[in-house]
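Colleague: Here it is, the structure in full.
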Amino acid sequence: MKISPARESILKKIRKALTQSTPLPFPQSEGSSSVFQPSQQELEVQFAEQFSKLQGKFVFCLNEQELAVQLNHVVSHNQWANIYCREQALKQRLSANGFQQHQHGDVASCDAAITTCEWLVARTGTIVMSTGQQSGRTVSVYAPIHICIAYTSQLVYDIRDGLQAAREKYGNDLPTLITFASGPSRTADIEKTLVVGVHGPKEVYVFLVDK
């Protein structure tokens, strides 16, 4: 097919442009630095505020003994009989500090499921989880109520800080899935009406332990 002189001229310009690198006009906008700067608030306070805005339920605990007391109270108040926890180390730690063991069953039939997390993102009120945890992919999604146990040492300011922490923790062996969960599952796809608990848990608790 014969190429017209005008088309050939355009193609030459394109080829020339592709062989020459063009400096970025706004290099700071390309992810080299965050546009969000940490506030003067403590990370614990900022996470609690943002997580609560997303309809999450936040409980602060001074130590693991108080964690067990608070967890027992929430379970008893809501009359949950079947609490699922897949992480053996977490189950043993909770039991050692006085958490009353309940029937565990499986995640499909439980009233609530308890997991740990990788990190908490203070700026967005987000729980970061991964397949590097013993809880796996499904526990925090399929359970009607998700209870996350976290520690103040796991708080980071922004999502990029969480990703950097993942690279430092796992190196080249990153988990196959890293999940960012911000509050309970919700959608407004149907007639723009907000519905909670459609594609995941209808309630999410974070018990944050000072450690």
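Colleague: Suppose we keep only residues that are over 14 Å from residue 43 (Cβ atoms) and of a type in the set (D, E, K, R) within the stretch 107-137. Which one would you say is surrounded by the fewest Cβ atoms within 10 Å (Cβ to Cβ)?
Modeller: Across the stretch 107-137, the extreme among qualifying residues is 137.
Colleague: Quick check on residue 153: is it within 26 Å of residue 174 (Cβ to Cβ), at pLDDT 90 or above, part of a helix (DSSP H, G or I) and not aliphatic (A, V, I, L, M)?
Modeller: Working: within 26 Å of residue 174 (Cβ to Cβ): yes; at pLDDT 90 or above: yes; part of a helix (DSSP H, G or I): yes; not aliphatic (A, V, I, L, M): yes.
Yes; evaluated as a whole, the condition is true for this residue.
Colleague: Inside the stretch 136-163, can you point out the residues that are of a type in the set (Gly, Ala, Ser), more than 12 Å from the chain's Cα centre (by Cα) and more than 14 Å from residue 176 (Cα to Cα)?
Modeller: Result: 143, 153.
Colleague: Between a first residue in the stretch 64-75 that is over 16 Å from residue 92 (Cα atoms) and a second residue that is not acidic (Asp, Glu), which pairs have beta carbons less than 6 Å apart while being 6 or more apart in sequence or on different chains?
Modeller: What qualifies is 70/59; 70/61.
Colleague: Out of 109, 135, report the one residue that is at negative phi, touching a residue at least 40 places away in the same chain (Cβ under 8 Å) and outside any helix (DSSP H, G or I).
Modeller: 135
Colleague: Could you tell me which numbered condition residue 13 fails, if it satisfies all but one of (1) modelled with pLDDT of 95 or more; (2) loosely packed, with under 13 Cβ neighbours inside 10 Å?
Modeller: (1)
Colleague: What number of residues within the stretch 158-177 are part of a helix (DSSP H, G or I) and of a type in the set (A, V, I, L, M)?
Modeller: Residues in the stretch 158-177 being part of a helix (DSSP H, G or I) and of a type in the set (A, V, I, L, M): 4 in total.
Colleague: Oh, and also: Restricting attention to the stretch 24-48, which residues are assigned to a helix (DSSP H, G or I), at pLDDT 75 or above and surrounded by fewer than 14 Cβ atoms within 10 Å (Cβ to Cβ)?
Modeller: First pass over the stretch 24-48, keeping only residues assigned to a helix (DSSP H, G or I): 27-29, 43-48.
When the remaining residues are screened for being at pLDDT 75 or above, the result is 43-48.
Matches in the stretch 24-48: 45 only.
The values are calculated or read from the model by the stated rules, or taken from the named source; none is laboratory data. Not measured: the values here are computed from a predicted model. Backbone-built Cβ (ideal geometry, glycine too); neighbour counts: all protein chains shown.
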